[in-house]
There are 2 protein chains.
Amino acid sequence: MLVLITYDVSTETSEGRRRLRRVAKTCLNYGQRVQKSVFECRVNTMEMKRLKDQLLDIIDLEEDSLRFYRIIEPLEKNREEFGNSKAIDFENTLIV
Amino acid sequence: MLVLITYDVSTETSEGRRRLRRVAKTCLNYGQRVQKSVFECRVNTMEMKRLKDQLLDIIDLEEDSLRFYRIIEPLEKNREEFGNSKAIDFENTLIV
């Protein structure tokens, strides 16, 4: 299944930036980063459970928001992209 | 149809923050804001076209990234939420 993961974290603190880096690193094992805190992951049921458990270990449930959405496939017919995602320096734009 | 809109913009500049406010205001005509730059919108084909046109007028294609994803329905079976989205002050967390 194809799952979109969106993560909302305050990057005003070094702890928040660290959690985002760890979330990104974990999601990259299952898919790709398409925006600073948006990830497209292709997983089966077992991988989905594992990914979710790993992410829930990383995030701060009091501070952050984490969401999973099942996307309609095929992706190329159900996703549209605009703008310049390639220009984004994911690490540096977060250090404000 | 149910569409998830994710918007990546640098909020380091007042122009970026302004664009995010305008994107949020536009999306709120069609749905709800669930994270700082993630919106769930329920639209028909005509509304989808109008929403897309409006958003493309707002964003900076050189700087920003805007994505639309069709979500599998029913939403309650295909979305999972963790953490505290309600605690997020969408406006203030952006002004860093």
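No value in this document is a laboratory result; all are computed from the given coordinates. Bear in mind the structure is a predicted one, so any value in this text is a computation, not a measurement. Cβ atoms come from the backbone with ideal geometry, glycine included; neighbour counts cover every protein chain shown.
If I take every Cα pair under 8 Å that is 6 or more residues apart in chain A, average their sequence separation and divide by the length, what percent do I get for the relative contact order?
Working: 112 pairs, mean separation 39.3, N = 96.
Reported relative contact order: 41 percent.
Return the average number of partner chain Cβ atoms within 10 angstrom of each residue Cβ along peptide A:21-28. Please list the in-between numbers first.
Values: counts 0, 0, 0, 0, 0, 0, 0, 0.
Across A:21-28, the average partner-chain Cβ count within 10 Å equals 0.
Using the Cα centre of chain A as the reference point, and only Cβ charges (+1 on K/R, -1 on D/E), how large is the resulting charge dipole? Debye, rounded to the nearest 20.
Working: 17 positive and 17 negative charges, 70 e Å.
Value, rounded to 20: 340 debye.
Determine ³J(HN,Hα), in whole Hz, for all residues of region A:11-24 in sequence, where each value follows from phi through the Karplus function 6.51 cos²θ - 1.76 cosθ + 1.60 and θ = phi - 60°; x replaces Gly and Pro.
9, 6, 10, 5, 5, x, 5, 5, 4, 4, 4, 5, 4, 4
Mean 1/r over all different Cα pairs, inverted: what Kirkwood radius does the protein assembly as shown give, in Å?
Details: mean 1/r = 0.0598 Å⁻¹.
That comes to 16.7 Å for the protein assembly as shown.
Quick one: order B:Ser10, A:Ser37 by neighbouring beta-carbon count within 10 Å, fewest to most. It would help to have the intermediate numbers written out before the result.
Working: B:Ser10 20, A:Ser37 27.
Least crowded to most crowded, the residues run B:Ser10, A:Ser37.
Could you compute how fast region B:2-76 diffuses translationally, taking Rh as the Kirkwood radius over C-alpha pairs and applying Stokes-Einstein at 10 °C with viscosity 1.306 mPa s? Give it in µm² per second.
Details: Rh = 12.5 Å.
D = 127 µm²/s.
Below 13 angstrom from the Cβ of B:Glu80, what's the summed charge of the other residues (Lys, Arg +1; Asp, Glu -1)? Kindly include the intermediate steps, with their values, before the conclusion.
Working: positive: A:Lys49, A:Lys52, A:Arg67, A:Arg70, B:Lys77, B:Arg79; negative: A:Asp53, B:Glu76, B:Glu81.
With Lys, Arg at +1 and Asp, Glu at -1, the neighbours total +3.
Once you've got the GNM for chain B with C-alpha springs shorter than 10 Å, pick whichever of B:Lys49, B:Lys77, B:Lys36 has the biggest mean-square fluctuation.
Highest fluctuation among the options: B:Lys77.
Would you mind checking A:Lys77/B:Lys77; A:Lys25/B:Lys49; A:Lys52/B:Lys49; A:Lys36/B:Lys52; A:Lys25/B:Lys36 for any pair whose Cα atoms are more than 32 angstrom apart? Can you show the working numbers first?
Working: A:Lys77/B:Lys77 22 Å; A:Lys25/B:Lys49 35 Å; A:Lys52/B:Lys49 34 Å; A:Lys36/B:Lys52 21 Å; A:Lys25/B:Lys36 21 Å.
With Cα atoms farther than 32 Å apart: A:Lys25/B:Lys49; A:Lys52/B:Lys49.
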